[in-house]
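The values are calculated or read from the model by the stated rules, or taken from the named source; none is laboratory data. Remember, it's a predicted structure, so these values are computed and weren't measured experimentally. Cβ: placed from backbone, ideal geometry, glycine included. Neighbour counts: every protein chain shown.
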Protein chains: 2
Amino acid sequence: MNQPDNVTQPAPRIGVFDSGFGGLTVLRALLARMPAAEFFYLGDTARLPYGSKSPATVARYAVESAQMLESCGAEHLVIACNTASALALDAIRAAAHIPVLGVIETGADSAAAASVTRDVLVLATAATVASHAYARACAERGMRALEKACPLLVPLIEEGWTETIGGTDAAAAVTRQVLCIYLEEAFAEAEARACSFDTVLLGCTHYPLLRPLLTRELPQRMTILDSAETTARRVRRDLEANGMLPPIDATNDRVLRCRFFGTDSVEKFRTLGSRFLGQPIDHVDQIDLGG
Amino acid sequence: MNQPDNVTQPAPRIGVFDSGFGGLTVLRALLARMPAAEFFYLGDTARLPYGSKSPATVARYAVESAQMLESCGAEHLVIACNTASALALDAIRAAAHIPVLGVIETGADSAAAASVTRDVLVLATAATVASHAYARACAERGMRALEKACPLLVPLIEEGWTETIGGTDAAAAVTRQVLCIYLEEAFAEAEARACSFDTVLLGCTHYPLLRPLLTRELPQRMTILDSAETTARRVRRDLEANGMLPPIDATNDRVLRCRFFGTDSVEKFRTLGSRFLGQPIDHVDQIDLGG
């Protein structure tokens, strides 16, 4: 399927889906690696959080969202939502007519490539941990995962109480303290279970915003992997393998080619979303998926 | 309507509604003041949080929930949810055939009775503050409200990182630090606006769990009022005024007379709910309100 460089390549169209804003860190990584692609981002903000909903409900929401992105013309679908990837990937694949990639499998693949000890620490939300989707994905790749729920990190990040996206010093100190409590608990559990992890997998699309803090607080020997980077790398590789990606030097047009859709408050999407994307979001279309 | 003490009084049936678990602090206060009443508690847990939803959606959810409680036989309805009280009280009253009481009006009434300076500090969630429902209710009663959004307190309370309901010392220190940041910001804003509040109104049904901490961190001269206590007092007074409450000494049966309903995970309701109620919740019926 590889095409010669001199044929004008149509921009691949990629749909990115999350229950909210976290998936914008995945989109940010995708935009950096594929400036010539065209993106459609859907945040199902009226029905978030998915984490507290039943698997059947999450599957129904995720399938509706996937179909909406496919109807926009997406040729590839990235499920940039850990809960939906954990609970609904099979249902989405069954309903979709295009390739579907979830953040959990890409994260586990990267951990498998990075870990020497075969022990991985996964930081995630309570819902993702309860699903044990990372433990299963790691086990399938010959690794052991210690899954640590860090439920307060998402609200702290959404409030902007981190060093990278502003907030007062006192507020950033709170986030550091909370992270240290979680890490201490994780290391204590690792010791009790004789785990010797060398890789930390950020199993929540919000957590890339804590990367600078994590880099400081974790021992230097640890490899930190985040869903955003691992997923973006994988999407690029898949598209390249299918000859669907214009060579990066052929893309002079670096204008942000993305349409944003949300199911609730457009204002909040623009304000909060811009922080996750790392650039302003000027326009969001509000759509109704029911429910 | 007052009846003599020797007539056997049927137990009044009271419906209590919240989007989640916070309303259980109101139920707890009601149970303490009306041990002979019969209660129905509904937490619309599958559709929480209401705070991020549009007013029309909140009104639809709240009306469905109110109707469900009325169909159980509730003769009085307590909207133990600040968002629903702020956005949907009129819609609920229009749809219900029984008296309906919201936490915002009872809180504002109590503040009006307590405040000498007529300046009140209201601590609440971002959604409640954005609705300015407390500012309006206070203005109608000749007071000025400084509304301070404290979005991280609910997740900290739900995680149990408070002194009164367990958690490690380091975790409780985080909650204290977060509260102090919010209070410092509120006092700075008060100074800028020349407010001299003498009353602090807890405008979120989660916050009664922080009362011991607030009592320590606020200046002694401040009166702290919480929605749970103020609402329970008001319900008792209303029922007494209508001769509907058996005298307290006639109630030997102190068995918990409450049925619990939730729209999602019964297990989480029992675990988390017991903390808010202050006693074990043995059984929760899961019901489907759609959506």
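The single condition among (1) surrounded by fewer than 20 Cβ atoms within 10 Å (Cβ to Cβ); (2) more than 14 Å from chain B (Cβ to nearest Cβ) that A:Leu30 does not meet is (1). Give the residue, chosen from B:Val122, B:Val103, B:Val129, that is under 24 Å from B:Glu158 (Cα atoms) and touching a Phe, Trp or Tyr at 6+ places or on another chain (Cβ under 6 Å). Going through B:Val122, B:Val103, B:Val129 in turn, just one is under 24 Å from B:Glu158 (Cα atoms) and touching a Phe, Trp or Tyr at 6+ places or on another chain (Cβ under 6 Å): B:Val122. Scanning region A:177-206 for residues that are of a type in the set (S, T, N, Q) and part of a loop (DSSP other than H, G, I, E, B), we see that the one that is farthest from the other protein chains (Cβ to nearest Cβ) is A:Ser196. If the condition is being under 14 Å from B:Arg13 (Cα atoms), over 17 Å from the mean Cα position of the chain (by Cα) and surrounded by 16 or more Cβ atoms within 10 Å (Cβ to Cβ), then region B:73-97 contributes B:Ala74, B:Glu75.
Taken over region B:33-52, the residue count meeting the criterion of being within 14 Å of chain A (Cβ to nearest Cβ) and either without any contact (Cβ under 8 Å) to a residue 12 or more places away in the chain or among the small types (Gly, Ala, Ser) (or both) is 4. Which of the following residues is over 25 Å from A:Gly102 (Cβ atoms) and either within 14 Å of chain B (Cβ to nearest Cβ) or at pLDDT 85 or above (or both): A:Glu267, A:Glu229? Step by step, each of A:Glu267, A:Glu229 is checked, and only A:Glu267 is over 25 Å from A:Gly102 (Cβ atoms) and either within 14 Å of chain B (Cβ to nearest Cβ) or at pLDDT 85 or above (or both). Residues in region B:150-172 that are at pLDDT 95 or above and farther than 15 Å from A:Cys150 by Cα: B:Cys150, B:Leu153.
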